[in-house]
Amino acid sequence: MPLTHGQRRPRPHRHRTGLAATVVASAALVAGSLTAVPAAAAESGAPQVIVRLDPSYQQQPFQGWGTALAWFANVTGGWPDAQRNRLADELYGANGLGFTIARYNIGGGDSPETRPYMRPGAAVPGYWNRPAAFGPPADGTGDRQEPVNWWNPADPTHWNDSADPNQRWWLQAARKRGADTFEAFSNSAPYFMTHSSLASGAALGWQDNLRADQYGRFAAYLAGALKRVEASTGVDFASISPVNEPNTDYWRAGGPQEGSHWDPASQAQMITSLRTALNAAGDSTPIAAMDETNPTLFREDWDSYPAPVRRRIGRLNTHTYSTGGRPAVRDIAKGSGTPLWMSEVDLGGTGGQSFTAMSPALDLARRINGDIRELEPRAWVMWQAVEDYENMTADHENANWGLIQVDLTPADPATEPIRRNKKYWAMANYSRFVRPGARVIATNADSTLAALRPNGGAVVVHTNSTGAAEELTLDLGGFTGVNTAVPVQRYTTDAARNLQRDADLGTSAAKTLTTTVGPDSVTTFVIPGATGIDDATATAPTGTARQLVNDNSGLALAAAGHGLVQHPSNAADPAQRWTFTRISGGWNSTASYRITDGADGTALAVDGTGALALAAPATSSAQYWLLSTTGDGHSTLVNKATGRLLDVSGAATWDGAAAGAFQPTGERNQSWRLRSTAPDTWGPLRPRHSGTCVAAAGGATSPGAPAVQEACTGGAGQQWTLRSSSPGYVNIVARHGGMCLAVAGGSTADGAAVVQYGCDEAADQEFSVRAQAAGHVVLVARHSGRCLDVAGASSAAGAALVQYACNRSTSQQFRTG
């Protein structure tokens, strides 16, 4: 949790790079039909945003959304029934946020003689009980008589079974409202186990505060507290996390909250001690670790743990107060076969305290999108969903932490206002609709989260933080069917609306949905009619052989004798052609693949020394690879047996550099484009309405030459191929000159000219392919959502090709080959 809220600021959000991997081979791989874009949207003049949903890459079932209880629960759990129940309804009720996860803070606690110094709520009571004989004399004279190691976990009188009633009330209130997943976590050991005799940290931030002789006793304390909370509340904890943001210097004696530094070796020792203590108590509760403040520190901690310590961890927890390195943590979780949570974060926002400003809400939405897209977590948990209003005012932090703000030191709790900000409503756009059991799916936009609902259909949450309206098209071509008779529900949060249900929308026969979304808004679309997964449009890399092109070097992986190297790309070289065979996992993001080379059919593997190797195909996890992607055409490949990633050793960029297998780092030398090696199939491109052929005007081979229709001659100037580009898209490539069709200037306007230009993987050169009757296809521009068309539906030779709102006319239908 944040020590000083204002210290935490989000890093710049990672955006699409424009580089793409190819995962479809030709028009024959894509199915569907197209109908008109609604006129209001098509003529709005708003910028075009096209988002492709990919249900063929599904994250593991989502467990839910939640919050840590800790400070706010320590205060508000003691408020009058009506007020605390109202707060619980806001967070856990079906008509509130519908949270299903609660993280319970096992307090450490300072001595009774310590003068209060923590912020409101932060002094969470501990479960120990110090006998009066060990405290100051009752008459106030003489010295304290507290032995150094007075606490005995086996002595029932040393426990306070009824401690922390307020936070325990919240556990029961959450469960009553449907919460079903609970985690216990610790920020500090009790004062009598620490060097500083305070639960807020050591004298210096980089010093461990737990004394070296206290690991076993602190583990016994956590195990005993867990048992007592479960007995008093009826809650069954799914996990317990013994350390929090451990490898940082935040925690200092006298600070405003509990905390403790743990160097990586100390973390490992604590994990081992806690597992021993739980086992001794007959408690199988899994250990979660290490609740580090950001993914980069998480990876540093994890890399230091010995293998036996890693095996004692039942779930991985990371916070995202900064966001670099999220994909590496994702791949650590996949490689170790351990579920991952984003277990804590919040954002104070870039502006002052406000309950109407959208900026903090948009910040939160972007963080949720990025976390779930790049981490693939099973759950997403807030730090403190309820914050201290007084601390957020302009006289103090002047910020927007929390979804709700109440004064934690009110004159009268019964009348204290419950102040929801725009972050609350933006969170509701996610938590009310992406429910436990949902499977998040890939999209090609970092502004958009999409998921399959557990009971059928899909839900999409789109964030427009541009300050201007957008014309949004959702490309649903990845689904087997989209029932146009079933309306799409739309819910909007913006400056004027709080999760307002707007007019329902309809999907087209083209498996698209187009509408205008307002500026600075978060919009949820519920699409009950989207069903199944269309094999023809799936982005799984099976079927056509692939090149593996390294994102750092631009060179392709090649088999070289018994080793692996990188060479300049040559799709015709059998040593650079790799075939993916799915072994298990279906459409899951944890599906296993065997990868064999085109030269002699040997399999890519990691040998017993951890080195990359080639071996005869066998049923061995050393030959199985998991593919991770954020949907942007870039992938990592995780070896199932070792958790190591395919990479180029030393991030080398030179021809002949060795490829290897290494622990996840998040660097570009571990990122690959899976480029199709399908041969080009050259043939004419014929508009259905005219029977002519598409060519560059005058047979030109220069960039910028307009595309036109002309009488068919069979010449090379009229030969085209649909070459795979980004996932779900193709380039239209001319045989005569090797250039790509593009929309001039990247325009999104109706009537914009189509020209040929040097192929550069830009979105205005990419088209999705929709099959039509009689062997024709419709070609939809990725950047605009408009269809390739012949201007004015003219049949005359020389008529120009343009893009235009899709309308199913025969001038927008083309025969290929």
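Structure notes:
- Residue by residue, the range 387-394 carries 3J(HN,Hα) couplings of 10, 7, 4, 4, 5, 8, 5, 4 Hz when phi is fed to the Karplus relation 6.51 cos²θ - 1.76 cosθ + 1.60 (θ = phi - 60°); x denotes Gly or Pro.
- Among [x] 0.97; [y] 1.03; [z] 1.29, the entry derived from the coordinates for Rg/Rh (Cα atoms, Kirkwood Rh): [y]
- In summary, the lysines within cross-link reach of Lys640, defined as a Cα separation below 27 angstrom excluding same-chain residues under 8 places away, comprise Lys334.
- Long-range amide H partners of Val790 with built H, under 5 Å: Val802
- The slack in the chain from Ala307 to Asn279, taken as 0.36 nm per residue of separation less the alpha-carbon distance, amounts to 8.2 nm.
- Dipole of the range 523-681 computed with +1 at Lys/Arg Cβ and -1 at Asp/Glu Cβ about the Cα centre; of Ala661, Ala591, Ser553, farthest Cα towards the positive end is Ala591.
- Taking 30 Å as the limit for the C-alpha separation, the pairs Lys422/Lys511; Lys423/Lys511; Lys176/Lys422 exceed it in the case of Lys422/Lys511; Lys423/Lys511.
- If only the Cβ of Lys and Arg carry +1 and only the Cβ of Asp and Glu carry -1, the dipole of the chain around its Cα centre is close to 1900 debye.
- Accessible surface for the chain, divided over its residues, is 34 Å² per residue with a 1.4 Å probe.
- Within the accessible area of the chain (1.4 Å probe), percent carbon and sulfur: 51 percent
- Neighbour net charge for Arg815 - beta-carbon separation under 12 angstrom, K R +1, D E -1: +2
- Note, ³J(HN,Hα) from phi for the range 793-799, Karplus 6.51, -1.76, 1.60, rounded to Hz, x at Gly and Pro: 6, 5, 9, 6, 4, x, 5
- Positive contributions from Lys and Arg (+1) and negative ones from Asp and Glu (-1), summed over other residues with Cβ under 15 Å from the Cβ of Val754, come out at -3.
- Taking the range 373-473 and dividing mean pair separation by its residue count, relative contact order in percent (alpha carbons under 8 Å, at least six apart): 16 percent
- Dipole size of the range 582-731 about its Cα centre, with +1 on Lys/Arg Cβ and -1 on Asp/Glu Cβ: approximately 400 debye, rounded to the nearest 20.
- Spin-label model distance (nm) - Ala572 vs Asp535, 7 Å beyond Cα toward Cβ: 3.3 nm
- Using just its DSSP H runs of length 4 or more, each adding -39500 (n - 2.57), the chain gives a mean residue ellipticity at 222 nm of -4500 deg cm²/dmol after division by all residues.
- Couplings 3J(HN,Hα) for the range 601-606, derived from phi with the Karplus relation 6.51 cos²θ - 1.76 cosθ + 1.60 (θ = phi - 60°), are x, 6, 9, 6, 8, 10 Hz, where x marks Gly and Pro.
- Length-normalised contact order of the chain in % [C-alpha pairs under 8 Å, at least 6 apart]: 15 percent
- For Cys712, the amide hydrogen comes within under 5 Å of the amide hydrogens of Cys693, counting only partners 5 or more places away or on other chains and with H modelled in the peptide plane.
- Signed unit charges on C-beta, dipole axis of the chain, positive-most listed residue Gly529, Phe185, Thr157: Gly529
- Note on the range 759-786 and the range 788-817: Cα centroid distance 13 Å, given to the nearest whole angstrom.
- Restricting the range 173-256 to chymotrypsin sites (Phe, Trp or Tyr not before Pro) in coil, as DSSP defines it, with at most 13 other Cβ within 10 Å: Trp206
The values are calculated or read from the model by the stated rules, or taken from the named source; none is laboratory data. Predicted model only: the values in this text are computed from it and were never measured. Ideal geometry is used to build each Cβ from the backbone, glycine not excepted, and the neighbour counts take in all protein chains shown. Heads up: the accessible areas ignore ligands, DNA and RNA and are worked out on the full protein's heavy atoms, side chains in. Shrake-Rupley method; radii C 1.70, N 1.55, O 1.52, S 1.80 Å.
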